[in-house]
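Below is one structure, written out as C-alpha cells; the observations come after it.
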Amino acid sequence: MKLLTFLIKHAPVKFGYVLKISLLYGLTAGAFGPLVIHAATDILAGTRYAFYLGLLPAAIAVMILSQWIARSQTEGLTEEIAEILVMRLVNTLRHDELPEFERRNRSKIYLGLADTQVISKGAVGMMTVLQNVLVLAVGWLYLFSISGLSGVAVLLTWLLLSEIRTVLLAEGRLLAHQTHDTERSLFDLLDHFFNGFKEIRIFPHKHRDLFHNYLIPFTHQLQRFRQNTTYIFSSLGLYGGFITSLLVGIEVFLLSASMQVVIITIYIMKPVAAILGALGDITQGQAAFERLDPFLHEAFAEEMVRSEDEPLTTFEQLSLKNVLFAYREHDDTLGFSIGPLNLTVNAGELVFISGGNGSGKSTLMKLVTGLYPPTSGTVLIDGEQVNLSEHRHLFSAIFSDVHLFDALYGIEADEPRIHDLLTQMELAHKVSHGDGRFSTLELSTGQRKRLALVVALLEDKPVYMFDEWAAEQDPRFRRYFYEDLLPSLKEQGKTVLVVTHDDRYYHLGDRVIVMEHGRITDEWKARQIPTGTDSGPLASRLPTRPLTGRTHTTFSDPAQHPDEPDESVFDVRQFAASLKRLAWLTPLQGISTTLRTHIIFTAVGLAASPAKHRLFLLFIVLLLLFPTVRRRIISTTVQTTETFIGTIRLKVVDRLRRAEYPSFEQFGPERIRTILTADLRQLSGISESVATLSGLLFTCMGLLAYIAYLVWPIFLLEIGMIGTGGLWYLLMQLRARQAIYRVREEETAFSDTITNFLDGFKELRLNDRKNDAFFAKRVRPLYSRLRSLRLSSKLYMLMNTTCLVSGIWIMLLGMIPLALPWIGMYSDKTVLTCIGVLSGLPIEGIANAVHRVFLAFFSVRRLTMLQQDVERLEPEPVSELPVERHLVFQELRCQDIEFYYQNERNDSFSIGPLDLKVQAGEVLFLTGGNGSGKSTLLKVLTGLYMPDAGQIMVNGQHVDMRQHRYLFAPIFGDVHLFDRFYGLSGVDEQRVSELLGLMQLDQKVQFADGRFSNLDLSTGQRKRLAMVEAMIEDRQIYVFDEWAAEQDPQFREYFYTGLLGELKAQGKTVIAVTHDDRYFHVADQVMNMDYGRMI
C-alpha cells in the first residue's frame, strides 16, 4: 500500500522501533490468554501458585507497558507523518508556477490539509492491524495446537471475512471519494456566503435561493453519502460479529469443543474485531492519501534561495523575442494567449502599458516578472538567453489585487525608514510597525496599495512594476504617484513598468506600449503621444434597446415565500424519536449478547440431548436477532448524528445570513469557515463510533452482571478497580480538554495562515526570500506547535484508553487466577466461564469508541459555542417589504446622519454629520481621499450599516433603509461574482448574451443552463460581469464604487458618457464613487468627502 510505503520511507527508524514494540506486545498479548487459562487450571488443582504469582504480574506489566509504548509511539509517528504531508503539500504549492497554482481549486487545498488527519487515523489503523494480527497469529497457533479442527474453522472464518472486507471496502472507497467531492462543492457554496455577504445581504432573494435551493440540498446529499459510507464500514463489524458468534456456536454445538478451545476462540476474536474496526480508517486514509498523491511526487527543497552563483543585481537591457504565452484551461486545452511579443526595456526606463481590459497587460506583467513561463520564444538579459523565473529577485510588483502580509518577511526591518515611508504615504495615523509586524491591515483599497508601496520601496529592487496602482487613489495621491514617485524612481536608476489607463500622465513616461487582444499593437514615444481618446469600436456597440429591464425575469417575493428554516432539517421530534428507538435497541443488544454468552458456556461439555438442542435453537434465534438489532442501531445512530451535523451547519449559516452586516464583519468569517469545515469533518466519522459505543456499553454491562451472577467476589473486585480508575480518568479528561481546546485555537490560526498564503501567492512566488521567510517563520513553527499540541492531547486520551480502560481489563483477567485462593473455591467450569466472559468483554471496542467520541465532543462543544455566539449576533429587526409595497423611487434625503465604527483593537472611525439629497434620474458623484468614508457612506445608504444618528428619508418619509434595499443595485470595489443568477427565475439567456457582448465578455464567458461558464477574469472584466448582473436585476438606484478605475480608456469613457447617460435617460438614479475629475461634468452633483465629512 502507498501509505504504508510512505510511512516506512519517511520515518524508517521510528517505524522500526514501533514495529519491534508492536511485536513484543503482539507476542505477549497472544500468549496472555492461554497463560491465564493454564494458571487458573493449575491453581484450581492446587499447584504452581508461586510460579504464577511471579509470572502473571510480570506478563501484565509487559503487556500494559508494551501496549502503551507501541500506541504512544504510533501516535507520535503518525503526527510526524501528518506534519511531513502538510509541509510537503504547502512546500509543493509554494513551488508551483503561477499558471499551475491558478488552476488549483482552493476548497480542494483546504480539504487536502484536513485529509492529513484522515491519513493519520489510517496510519494508526495500520499499526493497530499489525499489532492485532500478531496477537491473532500467536493465539491461533495455540488454538491449532490443542484443536486442529477449530484452528481450521477459525482460518476459514478469517478468509471469509477477508472476502467480505474486499467487497465492502471497494464500495466504501468509491463512496468516500463521492463524499469528498460533495464536501468540496458544499464548501464552494459556503464561500458565496462568506465572500459575497454584502451582495446577498442586499439581495434577499440571493441568500434565500442559495440557502434553500442549493445549500440545503447539498447538505442533505452529503448526509446521504456519509450515511452510506458509514453504513458500509460499520457493516464490517456487523458481519464480523455475526460470523464469529456463529463460529463459536458451531464449535460448541457441532464440534463439541472443550471449554479451553471456546475461551481461546473468544479471546482471539477480539483482535479480529479490532482489525475489522480499523479497516474503515485504513480505507479512508488510503483514499485521502491518493487524493494528496499529486502533491507528493516531488520533494522540493525547503529553501528556494539556493543558487551558488552570484545573483544578477543589475542589467542594461531586457528583451522578449517572439514570446508567446497561452493559458491552459482545467481540461488542459489552450485558452487565452498573448503574443508573439517583441519588447525591449532598457535599464532606467519608465514605460507605461495601456490597452483594453483583457488585452493581456496583467499577463504581460506576470510574464516579464517570471511568474508565467513563456510557451515559446526567447527572453534575453544583456543579450544572453535566460529563464526569467531564475531572476524574479530583480522585480518588485504591486498587482491590482494586491495582498498584504502582517510582517516584512524576508526584509530586515529599518524602523526609522519604515516610519518615514508610512508618514510619506499618510498612513502613520492608521498603521504602525513594531515587534516585526504592522499594527493593522484594515485599510481602504487605496490605503492598502499605499502600504504595499511602502513594502516595495523597502525591498529596493532594480525593477518596479505597478498594475493600476493609482486607480483607487484620490487625485492628490494620483498626481504624487505620477509626478513625484515615478520620476524619483527613474532618477535612482530604477526601471519602472506601469500598467495604467490614465492617459493624462502618458507624457511623463519614456514610452507608452498599447496592447489589444494579447498583442502589442502600438508604441509611442513620450513626444508622440496622440491627443484625445477615441472610444473606438465600443461606441458602435451601444445598445439599440434599453440596457436594463428584466423581461421575464422575476424575483422571489419574501411575502409569498416566507424565509423559514427547512422543517426536514430542524425536526426535533424526529431527533427525540431516534433517541427513544436507541433507548430500547441498545439494551436489547446487550441482553441478547449476554443470553448468547450464557447459552454458549452452559452448553459447553453437555452431551447431545434435547436440552442441548433447545439451547441450540435459542442460540440461533438470538444470533439472527443480532444483525437486525445492530443494523437498526447503526442506521438510527448514523441518521441522527448526520442530521445533527447538517442541522448545526444550516442553523449557523441561516443565522448568519439574517445577521446585520457590521455584526458579520466583526465576527470574522475565517473562524466560521474553520469550524464549519474542520470540526464538522471531525464529526463526520463519529456516527459509527457512537453506534458502536451505545451497543457495546450495554453489552459490557450485561456481561459484567453475568460475571456477578457467576462469581460475585470477582464482580466486587471489578467495581473497586473501575471506581479507582474513574478518578484517574476524570483527571486525564480535564488535562485532555485543555489540550484539545488549545489544538482547536491553533487549527484556526493555521487556517488563517494558509488563507494568507493562498491570497498572497503571487507576492511570495515573486520574492524567494519572502517565500522562504513566510514558510520558515510562519507556516512551519505554527504547524509544529499544532503537532505538539495534537500529540499531547492524543497521549492524554491514550493514557485513559490504554493504561486505564485496557489496563483494568488486562489486570482483571490476569488477577482472577491469583485471587482464587482468597475468594473461595468455585468449580472449574464456573471459574473458566468467568474467564471466558471476561475474555470476550468488548473493552477494546469501548476504549476506541470512547476515544473518538470524546474528541468529537470537543468539536460539538465548539460548534454549539459557535451557534450560541452566532445566536447573539444582532439580527436584522426588519425585513424587506413585500413586492406590492415597493416604492417608486423619487427622492433620497439624508439629514445629519452619523455612523461610528470600532474594530476589535478599538481603532475607531466615523462619518458625519452628513447631509445628502439625490432625486430620481440624477447622477451623484462622491469623491475624496482614500479612507475619507466614501465606501462607508455607500454601505449606510444601501442599508448595510445603520446610522447612529440622523435620519434617512425616501420620498419625504423617514424610513429604515433595511426595508428598502430592493431599490439598490450596488457594485462594490471588492465585488464578489456568483456563478448563477441566484434568486432570479426566467432569466433571458439571449438578453444575458447580448449584455456579455456589450461588455466585450462574450469571448471569455458564456451563459448557458442557468450559469456562467467562467469567473476567472481580470479585475476590470469582473466588474463588467457584475454590471451584466446589475442590468438584469434592473433596480431603481445603481451604486458604483470605483467601477471604472480598472477599465481601459474606451470602457471608462463609455461608462461616463454612454452608460450613465443611458441609465439617466431611463429614470435610473446613479450614485458613483470616483476620483476621475475629467468626467465630473457628467454628474448632476459632485460631493467631496474628507475625514468622514462633506467639504
The one condition in (1) out of contact with any helix residue (DSSP H, G or I) (no Cβ under 6 Å at 6 or more places or on another chain); (2) more than 20 Å from V805 (Cβ to Cβ) that L89 fails to fulfil: (1)
Sole residue being over 37 Å from the mean Cα position of the chain (by Cα) and over 28 Å from G973 (Cβ atoms), chosen from L380, L394, L388, L350: L380
Of residues in segment 1061-1095 being at pLDDT 85 or above and of a type in the set (V, I, T), the one farthest from D896 (Cα to Cα): V1082
Search result, residues across segment 12-35 that are aliphatic (A, V, I, L, M), under 50 Å from the mean Cα position of the chain (by Cα) and closer than 30 Å to Y826 by Cα: A29, A31
Matching residues in segment 1070-1081 - criterion: being closer than 23 Å to Y505 by Cα and touching a Leu at 6+ places or on another chain (Cβ under 6 Å): V1073
Inter-residue pairs, beta-carbon under 8 Å, first more than 21 Å from L579 (Cα to Cα) and in segment 692-706, second of a type in the set (V, I, T), 6+ apart: L703/T593; L703/T594; L703/T597; L703/V837; A705/T594; Y706/T594; Y706/T597; Y706/V837
Residue check, I81 crowded, with 19+ Cβ neighbours inside 10 Å and either under 30 Å from S827 (Cβ atoms) or without any contact (Cβ under 8 Å) to a residue 40 or more places away in the chain (or both): no
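What do you reckon, is L832 within 28 Å of A278 (Cα to Cα) and at pLDDT 75 or above? Before the answer, list the steps.
On the way: within 28 Å of A278 (Cα to Cα): no; at pLDDT 75 or above: yes.
So L832 does not fit the description; no.
Which fully enclosed strands (runs of 3 or more DSSP E) of segment 454-519 have 3 or more residues being among the aliphatic types (A, V, I, L, M) and on the phi < 0 side of the Ramachandran plot? Explain how you work it out, then say what you get.
On the way: elements: 463-467, 495-499, 511-516.
The strands (runs of 3 or more DSSP E) meeting that bar are 495-499, 511-516.
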Filtered residues of segment 754-791 (kept if surrounded by 19 or more Cβ atoms within 10 Å (Cβ to Cβ), touching a Lys or Arg at 6+ places or on another chain (Cβ under 9 Å) and hydroxyl-bearing (S, T, Y)): none
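So for segment 167-175 (the condition being farther than 30 Å from T244 by Cα, touching a Ser or Thr at 6+ places or on another chain (Cβ under 9 Å) and in a helix (DSSP H, G or I)), does at least one residue qualify?
At the first step, the residues of segment 167-175 found to be farther than 30 Å from T244 by Cα are none.
Taking every residue of segment 167-175 in turn, none turns out to be farther than 30 Å from T244 by Cα, touching a Ser or Thr at 6+ places or on another chain (Cβ under 9 Å) and in a helix (DSSP H, G or I).
The values are calculated or read from the model by the stated rules, or taken from the named source; none is laboratory data. Keep in mind it's a predicted model, so treat the numbers as computed, not measured. Note that each Cβ is placed from the backbone with ideal geometry, even for glycine, and that neighbours are counted across all protein chains shown.
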